[in-house]
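One structure is given here, and the rest of the page talks about it.
Rule-based calculations on the coordinates, nothing more; no lab input. Computed from a predicted structure; not experimentally measured. Note that we place each Cβ from the backbone using ideal geometry, even for glycine, and neighbour counts take in every protein chain shown.
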Amino acid sequence: MPRSLCVILHSIGEQSVIVLTPDQIVTSKALYARALVHTARYKRRMKRILLLLTTLTLLLTTTLVIGQNIRFSDPETVVSEHFWGNLYAAGGRSFFCDQAFTSKGFVLTDGYVYPLADVRSALNCGTSRQCEQDNRYRQIASDLHNMIPVRSRTEMGRRNARYEDLGEGAKPDECGIRQSAQFFEPPVRVKGDVARTVAYMVDTYDLPWLGSTALFKGWNRLDPPDDGELTRHRRIAEIQGNDNPFITDPGRMEQL
């Protein structure tokens, strides 16, 4: 009588006994060997899939980074060499007041449409000195698209203020700026410039809006890109290596 193999299978609350003949044992071994082969193939296939997913992730990350300022991460050098030393080397006009200048002088400073104090707050990186050690902050603070030549007095007065339409209740100054303790309304001629720059900073660096999206969309429609903004934008793209898509395609703001 051929020998048999008794296999006891346990299930919840009961036992089952299966008796296998030698032929069945051979068949079981063959099935087991085949299962091992399929398992090995499955593992190789999964490795290829994981490798493909990793590659796609890297490509996506690279694509996202290309849209950012990846050339500069030293704010001090960018301000001295590229902002004043290149972009405005031959002079220009102050951003909010539209006053001509031939060099920086003591009345002008490098300002930021999206203030660096708000960047520090969004990143929660600490004090100015502490944030200067943060690589992400340094990259954001080095972005020429956000830098503007502005009167020192104007820059000091608008710190920590949110953008808003203040209306006729607030008297404009000699530059057309309306301001309160909490809000800052730029002159009409640069409202679109401000809106497109803020949108760029929000979209590129995942920063919070400095006012309602409806406000900035309205400013974008009110003040489309003019020759001065387009010329400055082209220069920055040449120096820094990336553009502001909301200037090249203002309609893109409606998708935000």
Dimensionless Rg/Rh of the stretch 105-192, both radii on Cα and Rh by Kirkwood, sits at 1.00
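I want the local charge near Ile239. Using Cβ-Cβ distances under 12 Å, sum +1 for each Lys or Arg and -1 for each Asp or Glu among the other residues.
Numbers: positive: Arg71, Arg232, Arg234, Arg235; negative: Glu81, Asp143, Glu238, Asp243.
With Lys, Arg at +1 and Asp, Glu at -1, the net is 0.
Mind checking Rg over Rh on the stretch 156-256, alpha carbons, Kirkwood formula for Rh? Numbers along the way, then the final one.
On the way: Rg = 13.9 Å, Rh = 14.2 Å.
My calculation puts Rg/Rh at 0.97.
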For labels at Ala237 and Thr77 in the simple 7 Å Cα→Cβ model, what's the distance in nm? 2.5 nm
Sorted by chain and number, the residues with a modelled amide H under 5 Å from that of Ile148, at a separation of 5 or more or across chains, are Gly111, Tyr112, Val113
Can you return the aspartates and glutamates within cross-link range of Lys171? Criterion is Cα-Cα under 16 Å, with same-chain partners fewer than 8 residues away left out. Glu185
Ranked from highest to lowest mean number of other Cβ atoms within 10 Å per residue, what is the order of the peptides 165-174, 193-202, 221-230? 193-202, 221-230, 165-174
Long-range share for the stretch 71-255, i.e. C-alpha pairs more than 26 Å apart as a percent of all pairs, stands at 27 percent
